[in-house]
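Written below as C-alpha cells is the structure these notes are about.
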Amino acid sequence: MIEDFKNDANERMAKSIESLTHAFNKIRTGRAHPSILDGIMVPYYGTDTPLSQVANINVVDARTLAISPWEKNLIPAIEKAILKSDLGINPSTSGDLIRIPMPALTEETRKVYIRQARAEAENARIAVRNIRRDVLSDIKELLKAKEITEDEERKGQDDIQKITDSFVAKVESALAAKEADLMEI
C-alpha cells in the first residue's frame, strides 16, 4: 500500500520537474534555440495552432532563428504572434522566410531572467512539497483506518521525505544550470 503511494509520488514529482524544464526552455538565453518559440500560437484556419505545427524552425547561427512557413499566407500571422509574445524579439521577413535575430542579453535582462528562473524553480519546489503533503496525509489515513502500523507509517514518511529531498535537489541543480547558462556571455 505504501509502495503505491511512493510510486505515485515519484511519478507526480517527475512531472513537476518536467514542467520546470519546459518553463526554463521558454526563458530566453543569448543563444538561438527553437524551443524558445514553443509557446507561440498562430491562428490557422480559425484555430490557434502551435508555431512548430505550421512552419519549420531552424537555427541559422548562434543568434538567429529562421522560420519557413508551409503556407506563404501565414507569414503576417506568424510575425504578429511573435510580436505579441513577451519574448522581446523582433522578426524580419525576407520573401517567404522569417528571420529572428536574438538580441544580446544586457546585465539588466539577465537579472530579470534569473529572477524569473528562480520563481519557476520555487513553484516547482512548492509543487513537490504539496505532493509530499498529500501522500503523507494518505499514509496518516491508512494509520487511522488501522491498515498499517505506526512503524510502517514512520518508515513511509521517511521514504517519502527522501524522495522529496531528491526531487528538490533536482530542482536546485536545474536552477543552477539555468543561472550559469544565463550568466554566460
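The values are calculated or read from the model by the stated rules, or taken from the named source; none is laboratory data. This one's a predicted model, so the numbers in the text were calculated from it and none came from an experiment. Neighbour counts are summed over all protein chains in view; Cβ atoms, including those assigned to glycine, are modelled from backbone coordinates with ideal geometry.
Conditions (1) at pLDDT below 90; (2) surrounded by 14 or more Cβ atoms within 10 Å (Cβ to Cβ); (3) not in a helix (DSSP H, G or I), marked per residue:
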| site | (1), (2), (3) |
| --- | --- |
| Ile148 | yes, yes, yes |
| Arg154 | no, no, no |
| Asp159 | no, yes, no |
| Ser166 | no, no, no |
| Glu172 | no, no, no |
| Leu175 | no, yes, no |
| Leu182 | yes, yes, no |
| Ile185 | yes, no, yes |
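A quick yes/no check of all residues on (1) touching a His at 6+ places or on another chain (Cβ under 8 Å); (2) free of Cβ contacts under 8 Å to residues at least 40 places away in the same chain; (3) aliphatic (A, V, I, L, M); (4) surrounded by fewer than 17 Cβ atoms within 10 Å (Cβ to Cβ):
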| site | (1), (2), (3), (4) |
| --- | --- |
| Pro34 | no, yes, no, yes |
| Gly39 | no, no, no, yes |
| Gln53 | no, yes, no, yes |
| Ile67 | no, yes, yes, no |
| Leu74 | no, yes, yes, no |
| Leu87 | no, no, yes, no |
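For Arg99, all conditions in the list (1) in contact with a Pro (Cβ under 8 Å, 6 or more places away or on another chain); (2) within 23 Å of Glu3 (Cα to Cα); (3) among the basic types (Lys, Arg) hold save one; what is the number of the exception? Failing condition for Arg99: (2). With respect to being closer than 24 Å to Asn123 by Cα and assigned to a loop (DSSP other than H, G, I, E, B), Arg12 falls outside the description.
Conditions tested, residue by residue: (1) in the same structural domain as Asp165 (by TED's automatic domain parsing); (2) modelled with pLDDT under 90; (3) under 29 Å from Glu184 (Cβ atoms).
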| position | (1), (2), (3) |
| --- | --- |
| Asp61 | no, yes, yes |
| Ala66 | no, no, yes |
| Leu83 | no, yes, yes |
| Thr93 | no, yes, no |
| Tyr113 | yes, yes, yes |
| Glu122 | yes, no, yes |
| Ile126 | yes, no, yes |
| Arg129 | yes, no, no |
